[in-house]
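Beneath this line is the structure, given in structure tokens, with notes to follow.
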């Protein structure tokens, strides 16, 4: 079942990015996607970590929220840089995710948000560098942690 889902995802992405829809190119795309799924299956890469299907039902909602946070943080970062009020800080934050995929998603979400970078991960504790205390406080509120835990669907 996961192999079929991976094939469909790859094929849809290939069709969207290709932009050419002749019989030859579509058939080559189908063959390419099937070959990629074969390689992934043979390499035992199709598991919950390689294809986190459990994220899919809530993913769109999370991505909309994350893009909104990235936009707000971009504006705040620009304001801090223009005003020259850069006072970097490093702190640790605990994650409540169960799976490794969700922990990495949380760490990457912190890094994607301008003004903060995840510098280290050790089990459930992340080291975060923030441009100033306001960005650090945004991470320390654990709103993003709760969102990623909700995305994971484990709690």
Item to check | Relative contact order of segment 16-155, defined on C-alpha pairs under 8 angstrom at six or more residues apart (%) | outcome: 25
Checklist entry - Listing 20, 106 from the residue with the fewest other Cβ atoms within 10 Å to the one with the most, what is the order? => result 20, 106
Next on the checklist: Angle check, please: helix 2-18 long axis (alpha carbons) against the longest principal axis of the chain (alpha carbons), in degrees 0 to 90, nearest 10.
Outcome noted: 80
Item to check | Most mobile of 121, 144, 17 in a GNM of the chain (Cα contacts under 10 Å) | outcome: 17
Next on the checklist: Neighbour counts of other C-beta atoms within 10 Å: give me 9, 64 arranged from fewest to most.
Outcome noted: 64, 9
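Kindly put 21, 62, 38 in sequence by how many other C-beta atoms sit within 10 Å of each C-beta, fewest to most. Walk me through the numbers before you get to the answer.
Values: 21 9, 62 18, 38 12.
Least to most surrounded, the residues fall as 21, 38, 62.
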Checklist entry - In degrees, nearest 10, range 0 to 90: what is the angle between the Cα axis of helix 100-112 and the longest Cα principal axis of the chain? => result 60
Checklist entry - Once both axes come from the Cα atoms, what is the angle between helix 23-42 and the longest principal axis of the chain, in degrees from 0 to 90, rounded to 10? => result 70
Item to check | Extension gain (nm, one decimal) between residue 59 and residue 41, 0.36 nm per residue minus Cα-Cα | outcome: 4.1 nm
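For segment 56-152, compute Rg over Rh where Rg is the Cα radius of gyration and Rh is the Kirkwood radius from the inverse mean 1/r over Cα pairs. Spell out each step's value before the answer.
Values: Rg = 13.2 Å, Rh = 13.6 Å.
Reported Rg/Rh, Kirkwood definition of Rh: 0.97.
In terms of the ratio Rg/(2.2 N^0.38 Å) built on C-alpha atoms, what value belongs to segment 99-155?
Values: Rg = 10.9 Å, N = 57, 2.2 N^0.38 = 10.2 Å.
Output field value: 1.06.
Using only C-alpha positions, report the orientation-averaged shadow area of the convex hull of segment 2-42, nm², one decimal. Spell out each step's value before the answer.
Numbers: hull surface 10.1 nm².
For the Cα atoms of segment 2-42, the hull's average projected area reads 2.5 nm².
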Checklist entry - Gaussian network model of the chain, Cα springs within a sub-10 Å range: biggest mean-square fluctuation belongs to which of 115, 136, 78? => result 78
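One quarter of the convex hull surface, Cα atoms only: what value does that give for segment 1-110 in nm²? Mind dumping the intermediate values first?
Values: hull surface 42.1 nm².
Averaging across all directions leaves 10.5 nm² for the Cα convex hull.
Every read-out reported here was derived from the displayed coordinates using simple, explicitly stated rules and does not represent laboratory data. These numbers were taken from a predicted model, which means no experiment stands behind them. Note that we place each Cβ from the backbone using ideal geometry, even for glycine, and neighbour counts take in every protein chain shown.
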